[in-house]
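This report concerns only the one structure given below.
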Amino acid sequence: MPPTHQAISLYRSLLRAHSRCLPQEMKSLGDSYVKSEFRLHQGVTKEDQLTRFFSEWNNYLQQIEQGARARASQAAGITDGQKSKVYSFGADLDKDVELTDEQYAQLENLRTEAGNVHKK
């Protein structure tokens, strides 16, 4: 699948997952973030950057869907015998991950926006 078609398909899947799996406040925040990131990376042509971009967004999509399945299972009284972070979203970064100054700034902006959701 060409990168443009892959991007559109992934973009739509992310927005659908947000609609199905996230509370309204998080859906609007998530949708805004996805739209912004896809716009920022629209002109990227380097294969390694595109591969990493698609890989990370696919991982995020899987996390959202797994969380929704876990919450649905818990609501139905089904457990897998393991404790899971049912109401937690996202995942902690590995301690050995190196981020650029721009990525740290982006994470801080995201943290600020996430904190503002409940104030609105």
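For the reader, a short list of remarks on this structure follows.
- P(r) tail fraction, segment 3-117 - alpha-carbon pairs more than 16 Å apart, %: 67
- Taking segment 3-117 and dividing mean pair separation by its residue count, relative contact order in percent (alpha carbons under 8 Å, at least six apart): 32
- Packing rank of 32-44, 92-104, 61-73, where each peptide gets the mean count of other beta carbons within 10 Å, highest leading: 61-73, 32-44, 92-104
Read-outs: derived from the displayed coordinates by stated rules, not from any lab. Only a predicted model underlies this, so the values are computations on that prediction, with no experimental measurement involved. Neighbour counts are summed over all protein chains in view; Cβ atoms, including those assigned to glycine, are modelled from backbone coordinates with ideal geometry.
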